[in-house]
Amino acid sequence: MQNWILAIILVVILGSPTQLRAQYTKQDTTHSKFFIGSTLFVLANLIPDDNAPEFAQLNLGYRLSPKDAISLELKTWTYRWSLGIPYGPLKEAPEEKFPGSIKEYGAAVAYQHFWWKGLYTGVHAMSAWQTFRNEEGEKIDNGFQIFNTYRAGYHFKLFKGRFFIEPSIAVTHRPYHTEMPASFKEFDDKWSKLFFGEPGFHFGFNF
């Protein structure tokens, strides 16, 4: 799934007929302090396999200055493997699959700082509420976790600055979560609470 998403990101960047520009000026922010957007990962819902992420995300943001932005991210998704499994043969291996699924609803506060032209780093701190379901789809428990993302990427402006795209790479971190059901904990405890190299591709509309 991750390789499929990366391929789409490359096609969008290389195939765009619009001149890509970066960084905002004080003049730009007079009409584009606010933005709304999402992430290309929503297209993963269309992949014809048995691991649909049921993913949705909405970003609402405000540009504090030409170099600083904050946003609220609302998201939900479902996953069936530990989030700490690194890339490799075990990433979605049948033997590492949870005995069910975890459905999460999260709200994150994100801060971005632009260092040079469109080059930026960002921190996303999310609170996520969890529902654990068994293989029959029956609810067996609730949970909560803090899920942080540390991101580096590049911001491209499109169509005279009205739209933008942000390809990026990130480290995710789960510094806290409540006790999982034992059948899930057995699988999750094998892996780190850090994950390196998560691709990202946010997009949005300035207004």
For this session: Could you name every one of the strands (runs of 3 or more DSSP E) located completely within the stretch 122-207 that has at least 3 residues being hydrophobic (A, V, I, L, M, F, W, C)?
Result: 139-154, 163-177, 194-206
For this session: State all residues of the stretch 163-182 that are of a type in the set (S, T, Y) and surrounded by 14 or more Cβ atoms within 10 Å (Cβ to Cβ); if no residue qualifies, say none.
Result: S168, T172
For this session: Please state which of the following conditions L64 fails to meet, knowing it meets all the rest: (1) part of a loop (DSSP other than H, G, I, E, B); (2) more than 16 Å from the chain's Cα centre (by Cα); (3) of a type in the set (A, V, I, L, M).
Result: (1)
Problem set entry | Test for V109: is it aliphatic (A, V, I, L, M), closer than 19 Å to G37 by Cα and surrounded by 14 or more Cβ atoms within 10 Å (Cβ to Cβ) | no
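Condition check ((1) in contact with a His (Cβ under 9 Å, 6 or more places away or on another chain); (2) small (G, A, S)) across all residues:
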residue: T149; (1), (2): yes, no
residue: F156; (1), (2): no, no
residue: F159; (1), (2): no, no
residue: V171; (1), (2): no, no
residue: T178; (1), (2): no, no
residue: S183; (1), (2): no, yes
For this session: Report yes if P86 is loosely packed, with under 15 Cβ neighbours inside 10 Å, more than 13 Å from the chain's Cα centre (by Cα) and either part of a loop (DSSP other than H, G, I, E, B) or acidic (D, E) (or both), otherwise no.
Result: yes
For this session: Scan E92, E73 and give me the residue that is surrounded by 19 or more Cβ atoms within 10 Å (Cβ to Cβ) and among the acidic types (D, E).
Result: E73
Seminar exercise, completed: Residues of the stretch 48-66 being surrounded by 14 or more Cβ atoms within 10 Å (Cβ to Cβ), more than 26 Å from K91 (Cα to Cα), modelled with pLDDT of 95 or more and not hydrophobic (A, V, I, L, M, F, W, C), in sequence order, are N59, G61, R63
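The values are calculated or read from the model by the stated rules, or taken from the named source; none is laboratory data. Computed from a prediction, not measured in an experiment: that's the story for all the values here. All Cβ positions, even for glycine, are placed from backbone atoms using ideal geometry, and neighbour counts span all protein chains on display.
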